[in-house]
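Bear in mind these aren't lab numbers, they're just calculated from the coordinates by the rules spelled out. A quick note: this is a predicted structure, and the numbers were derived from the prediction, not measured. Quick reminder, even Gly has a Cβ in these numbers, built from the backbone with ideal geometry, and neighbours come from all protein chains shown.
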Amino acid sequence: MLALRFDTLIKEFIITILWSLSPFGEAKVGIPYGLLKELNPYLVFVLALAANIMVFPIMMVFLDKINTWLIRWNWYKRSALWVAKRAKKGSGAQLEKYGYLGLALFVMIPLPGTGVYAGSIATYLFKMDTHKAFWANAIGITISSMIVWGVTHLGMKLV
């Protein structure tokens, strides 16, 4: 019986991490998922945050290496241009006005389309220093995760 529970816990933590890595949710979905599954709230926060922060270096490798190879195909090129236009429109004004602070603020907003994937694409498109942009993204992700964790945790206690 205990082994089954342990297996279930591991599975739920893995799903929490996968949601936090996913462009369809990031930690904004991973954290509520883990908390709603009644996992350790502090471990959920740490794992979801770490997974979400890891997206930035993965995206930078993808954009630097794989993107340039895939751009040869029209279907990919059209999709990449559409995403690039959305990222420039969504983050361009903040980045021009506030630089890396603007990037952190953009990533920090816990709404769809404003997380580390968009921040990574903006970093690439605006040719920002990767090291500084990593820290801006990490700070933004951390604040966003704290907001999501706090609201979800508090909401669950009130219900």
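Taking trypsin sites (Lys or Arg not before Pro) as exposed when DSSP calls them loop (any state but H, G, I, E, B) and at most 14 other Cβ atoms lie within 10 Å, what is the longest stretch of the chain free of them, the sites themselves excluded?
Numbers: sites that count: R72, K127.
Answer - 1-71.
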> Say we join alpha carbon atoms closer than 10 Å with springs in a Gaussian network model of the chain; which of L49, L111, L21 then has the biggest fluctuation?
Replying inline: L111
>> Which residue fluctuates most in the GNM of the chain (Cα springs below 10 Å): G92, G115, G30?
In response: G92
>> Per DSSP helix of 4 or more residues, -39500 (n - 2.57); summed, then divided by the residues of the chain. What does that give at 222 nm, rounded to the nearest 500?
In response: -26500 deg cm²/dmol
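Tell me, what is the percent relative contact order of the chain, built from C-alpha pairs under 8 Å that lie six or more residues apart? Walk me through the numbers before you get to the answer.
Working: 176 pairs, mean separation 39.5, N = 159.
Computed over the chain, the figure is 25 percent.
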